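Student: Sharing a structure here in structure tokens format.
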Amino acid sequence: MRHVAIVGSGPAGYYTAETLQKADDIAVDVIDRLPVPYGLIRTGVAPDHQSIKAVSRRYEGVALTDNVRFVGHVAVGEDVSIDELLSLYDAVVLATGAPNDRPLGIAGADLPGVIGSAAFVGWYNGHPDFADLDPPLGAPGVAVIGNGNVALDVARILAKSPAEFAGSDIVAHARDALAHSGVREIHILGRRGPHQIAMTPKELGELGHLDRASPRVDPADLPPEGDDALLEPGMRKSVTHLRDFAANPVAKPVTIDFDFFASPVAIEGDGRVERVIVEKTELDADLRSRGTGETYAIDAGLVISCIGYQTPPIPGVPYEHGRGRFANDEGRILPGLYCVGWARRGPTGTIGTNKPDGARVAELVLGDIGRGAGKPGRPGLDALLASRGATPVTFRDWRRIEEAEVRAAIEGAPREKFVSIEAMLAAIGR
Ligand SMILES: Cc1cc2nc3c(=O)[nH]c(=O)nc-3n(C[C@H](O)[C@H](O)[C@H](O)COP(=O)(O)OP(=O)(O)OC[C@H]3O[C@@H](n4cnc5c(N)ncnc54)[C@H](O)[C@@H]3O)c2cc1C
């Protein structure tokens, strides 16, 4: 029997397991620090995008195969070390994602009211680490820093009316706080221009259909229309949305301003954030942004940086500091140790990008471990955890948690998530 441990039950973990479980004589343990599976499908993907979250049904199919086991509520690095896993399993695959916000690195970034998108998104999606975030939503101005889809998610969630969350699984504390929010002016800041965004057309187009909020683009920021022909089709569609927002401004109570060519250089305030100082930029010949020296201020009681993520290092595991991910050669880190997904590539690509990545790393693993080295595998992990008094959450337990969440749903919603580990465990009688 060959034994493989996958650390992380997000898309990368389950796509890797999907390929591995088709092999003969293999037992795969998918370990996660949370009692609930699916990584960012549960805690990252926007609560009002339920059709995207439905991909978890595919992972459930993998989890329910005989040779795959979910081992929840076990944090690698705390409850069990990498060295211990390497002694128990023929291969250990790190699919731990990139859960830490990349630091903003400007003066004032440590003021209360400046938060990263991992925290803000985790808060509205019920990640237990961020349930107590309590973001300040009293002031009209919010600055959202970044020009990718996460910035769009954050701006849209801030802008929506309570009725627009019908059918979503936004958690109760966020639903209530947003219903009483004073946010009226949302600025999305990008250092470069409309042709350099990393926003997909569907997500961008949604901003044009919000009940009480409307997007605004300064026509002067748009390049000549003929230049759009040089863009790939998806980007062209996104830019077409921006042109439409610029040409057809609609007056609504909440505004979402696209501040292009805008680089935040400092955050100021007396004991908490009050404004962001922004330097106007221009593009150089290599399409990089450079400051013009001209600055302006945006009043903001909340700043949310959406500028990317990092994988936390694990002691003893080679790490690429510049790129915030494990150092690896196509997925191989050290003998017996691999990585996949965001922990391997960095935080780029869609859910689907993790599928070929998972398949490729699984093939590598299968080729490397051959018929296995007679390691203890599952029984060994169980004995080790038992000796530490740790009781993992099984997939059957998770389904009971899920059933309780579905039962608690408000009308029209798919579920009401538990937002603390204690509440998740209480649902299974612990
Ligand atoms: C806000 C946001 C919105 C997104 N929306 C979309 C979208 O709409 N469509 C789309 O295609 N893509 C979207 N993505 C991208 C998508 O979520 C990622 O491509 C994908 O989740 C990456 O998968 P992963 O398995 O590498 O990491 P993750 O999904 O982050 O999974 C990592 C898992 O590892 C676990 N873990 C971490 N450390 C440990 C440890 N030490 N011990 C045990 N377990 C551990 C975590 O609990 C987690 O379950 C979004 C991303 C973000 C951040």
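Student: When the chain is modelled as a GNM with alpha-carbon springs shorter than 10 Å, which of A151, A229, A27 fluctuates the most?
Tutor: A229
Student: What do the square roots of 5 times the Cα gyration tensor eigenvalues come to for segment 312-430, in whole Å, largest first, as semi-axes of the equivalent ellipsoid?
Tutor: Values: eigenvalues 211, 100, 47 Å².
Semi-axis lengths for segment 312-430 are 32, 22, 15 Å.
Student: Let me ask something else. Given an 8 Å cut-off on Cα distances and at least 6 residues of separation, report the relative contact order of segment 103-305 as a percent. If you can, show how the numbers build up before the last one.
Tutor: Working: 407 pairs, mean separation 61.2, N = 203.
After rounding, I find 30 percent.
Student: Amide H of I26: which non-local residues (sequence gap of 5 or more, or other chain) have their own amide H closer than 5 Å, using H built in the peptide plane?
Tutor: Long-range HN contacts for I26: R2.
Student: Quote the accessible area belonging to R272 in square angstrom, nearest 10, computed with a 1.4 Å probe and with ligands, DNA and RNA left uncounted.
Tutor: 130 Å²
Student: Another one. Could you tell me the distance between the Cα centroids of segment 10-38 and segment 204-257, to the nearest Å?
Tutor: Distance between centres, Cα-based: 41 Å.
Student: Would you work out if segment 103-305 is rounded, prolate or oblate? Take a ≥ b ≥ c from the square roots of the eigenvalues of the alpha-carbon gyration tensor; rounded if a/c is under 1.5, else prolate when a/b is larger than b/c, oblate otherwise.
Tutor: Numbers: a/c = 1.83, a/b = 1.25, b/c = 1.46.
Oblate, since a/c reaches 1.5 and b/c is not below a/b.
Student: When the Cα centres of segment 47-113 and segment 126-149 are compared, how far apart do they sit, in Å?
Tutor: The distance from the Cα centre of segment 47-113 to that of segment 126-149 comes to 22 Å.
Student: Of the residues D66, D169, D110, which exhibits the maximal mean-square fluctuation in a Gaussian network model of the chain defined by a 10 Å Cα contact cut-off?
Tutor: Between D66, D169, D110, it is D66 that shows the largest mean-square fluctuation.
Student: State, as an integer percentage, the relative contact order of segment 1-155 based on alpha-carbon contacts under 8 Å between residues 6 or more apart.
Tutor: Values: 207 pairs, mean separation 41.3, N = 155.
That works out to 27 percent.
Student: Lysine pairs, Cα distance under 25 Å, 8 or more residues apart or cross-chain: how many in the chain?
Tutor: 16
Student: While we're looking at this one, here's another question. Can you tell me the relative contact order of the chain? Whole percent, Cα pairs under 8 Å, sequence separation 6 or more. Before the final figure, lay out each step's value.
Tutor: Values: 901 pairs, mean separation 105.2, N = 430.
Contact order relative to length: 24 percent.
Student: Continuing with this model, one more query. What are the radius of gyration and Dmax of the chain, computed over its Cα atoms and given in Å?
Tutor: Cα only, the chain: 22.7, 68 Å (Rg, Dmax).
Student: Per DSSP H run of n ≥ 4, the term is -39500 (n - 2.57); total these for the chain, divide by its residue number, and report the mean residue ellipticity at 222 nm rounded to 500 deg cm²/dmol.
Tutor: On the way: 15 runs with 131 residues, N = 430.
The helix contribution divided over the chain gives -8500 deg cm²/dmol.
The values are calculated or read from the model by the stated rules, or taken from the named source; none is laboratory data. No experiment lies behind these values; they were computed from the predicted model shown. Heads up: the accessible areas ignore ligands, DNA and RNA and are worked out on the full protein's heavy atoms, side chains in. Shrake-Rupley method; radii C 1.70, N 1.55, O 1.52, S 1.80 Å.
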